[in-house]
1. Looking at the structure I just gave you, is K124 within 16 Å of ligand 1 (Cβ to nearest atom), in a helix (DSSP H, G or I) and at negative phi?
2. Could you tell me which numbered condition G108 fails, if it satisfies all but one of (1) more than 22 Å from the chain's Cα centre (by Cα); (2) at pLDDT below 95; (3) surrounded by 15 or more Cβ atoms within 10 Å (Cβ to Cβ)?
3. Filter the stretch 67-84 for residues that are more than 15 Å from ligand 2 (Cβ to nearest atom) and more than 10 Å from the chain's Cα centre (by Cα) and give the result.
4. Yes or no: I99 closer than 18 Å to D8 by Cα, more than 16 Å from ligand 2 (Cβ to nearest atom) and surrounded by fewer than 21 Cβ atoms within 10 Å (Cβ to Cβ)?
5. Kindly check whether there is at least one residue in the stretch 308-324 that is assigned to a strand (DSSP E or B) and at pLDDT 65 or above.
6. Restricting to the stretch 109-130, name every residue that is closer than 14 Å to S88 by Cβ and within 16 Å of ligand 2 (Cβ to nearest atom).
7. Of P174, P179, P155, which residue is closer than 19 Å to Y103 by Cβ and not polar (S, T, N, Q)?
8. Going residue by residue through the stretch 103-115, is there one that turns out to be within 22 Å of Q16 (Cα to Cα), within 16 Å of ligand 1 (Cβ to nearest atom) and either touching a Lys or Arg at 6+ places or on another chain (Cβ under 7 Å) or not in a loop (DSSP other than H, G, I, E, B) (or both)?
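The values are calculated or read from the model by the stated rules, or taken from the named source; none is laboratory data. Since this is a predicted model, take the numbers as computed values, not measurements. Cβ sites come from the backbone with ideal geometry, for glycine too, and all protein chains shown count toward neighbours.
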Amino acid sequence: MILHLDMDAFFASVEQLDRPELKGKCLIVGGNSPRAVVTTASYEARKFGVRSAMPMFEARKRCPHAVIVPGRMARYKEISGQVMALLSDFTPLVEPVSIDEAYLDIGGCDRLFGSPAAIGTAIKKNIFSRLHLTCSVGIAPLRFLAKIASDLQKPNGLTIITPDQVSAFIDQLPIQKIPGVGEKAQEKLATLGVQTLGQIRHFPVPTLVRHLGKFGHRLAELAQGIDATPVTPSTPAKSFSAEATLAQDTRLRQELMVHLLRQADDVGRQLRRHGVRARTITLKLKYADFHQITRSATLKTPTQASETIYQQAAVLLDPDLLNQPVRLVGVGGSNLVPAETPRQLDLFAAPQAKRADWDKVDRAVDAINLKFGGKKVEKASLIVPPRKD
Ligand code: TTP
Ligand code: MG
């Protein structure tokens, strides 16, 4: 069985999570300029007819009391990573397909978790209790039906199509519900008198191909209950990095160091989230004339500690490199090894007692930030002091 999961009103729900005063309210995520469109809207706002991709002026007309907030992509990506990590607790066969949806092959999960319904319920429960967000889940023997099913009872839905329901479901399935059938295909199919997927079976494949190209083949297969697309887990990352284009070009090392501190923090968090350590740390600089250099160092002991990454990046940022203005700075960790690999102890390092255990510090900070959402704990040196005026 294939499970498809899609978060409910994802960006809007994350905003309501981080700003509880917006819970239960009409909320629109999107720009505020005259040409802006709605990115997404809370289900409360959808009751007034607000939809993704609608011009903002139209959305405002339909729902004048809605709160409009700009998007925070970095935060949505962070939560998306947490959702995907949670899913991989159930099976390694997780294929993320967008920021808020994934397919899981739950074929092998039944011994551990029980029936497909039990697995779907457990996943929903887990996401809600750990991330305080709702999602909708569809489960079916075929991948395309799982996707359609997840949409049938949104929000907070769980829809299961059992093997013996597949044939009847296909017969009555409106053709526009099939992923990939856009307006054009729908028009062409209407000229053939096709309204449901079941009706596709009345046509020879060459006729379908003549009208729809390659997609005709695919529709013919789907109509027969064949969808061979496997769930393909994403290939593990080979490196993690963070970079920033500066508001103003600079030659000041101190200024670049502040960026490196933030970026090392970010890279460390990514490494820890993925359960890996980096053996190689790379500094990247792009100069005002756009030429770019990198400097790398290989550590004796692979790390996932933000502080170690920062210290190494600082060593790499030789003052000689700053003979011309810099427009972009970044840091990366590569040459990854699983975090559980036993580490060679550095026998000649400074006595352990005198060094802070940065691994522990990082883990505690990650846990607090995961629990409370967002960056509740940050390095003091990254906090901008309040202005006195
Ligand atoms: P969707 O899953 O399509 O929408 P959604 O999660 O907001 O709502 P639903 O409950 O119907 O699933 O998209 C996921 C996120 O992707 C969405 O929150 C915002 C973003 N998005 C865009 O940026 N542009 C778009 O046109 C759409 C549809 C979504
Ligand atoms: Mg969604």
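1. Working: within 16 Å of ligand 1 (Cβ to nearest atom): yes; in a helix (DSSP H, G or I): yes; at negative phi: yes.
Considered against the rule, which asks whether it is within 16 Å of ligand 1 (Cβ to nearest atom), in a helix (DSSP H, G or I) and at negative phi, K124 comes out as yes.
2. Only one criterion is unmet by G108, namely (3).
3. Within the stretch 67-84, V67, I68, V69, P70, R72 meet the criteria.
4. On the way: closer than 18 Å to D8 by Cα: yes; more than 16 Å from ligand 2 (Cβ to nearest atom): no; surrounded by fewer than 21 Cβ atoms within 10 Å (Cβ to Cβ): yes.
Spelling it out, it is not the case that I99 is closer than 18 Å to D8 by Cα, more than 16 Å from ligand 2 (Cβ to nearest atom) and surrounded by fewer than 21 Cβ atoms within 10 Å (Cβ to Cβ).
5. Of all residues in the stretch 308-324, those assigned to a strand (DSSP E or B) come to none.
Checking the stretch 308-324: not a single residue is assigned to a strand (DSSP E or B) and at pLDDT 65 or above.
6. Matches in the stretch 109-130: I123, I127.
7. Numbers: P174 fails: closer than 19 Å to Y103 by Cβ; P155 fails: closer than 19 Å to Y103 by Cβ.
Step by step, each of P174, P179, P155 is checked, and only P179 is closer than 19 Å to Y103 by Cβ and not polar (S, T, N, Q).
8. So in the stretch 103-115, the residues within 22 Å of Q16 (Cα to Cα) come out as none.
No; the residues of the stretch 103-115 include none that is within 22 Å of Q16 (Cα to Cα), within 16 Å of ligand 1 (Cβ to nearest atom) and either touching a Lys or Arg at 6+ places or on another chain (Cβ under 7 Å) or not in a loop (DSSP other than H, G, I, E, B) (or both).
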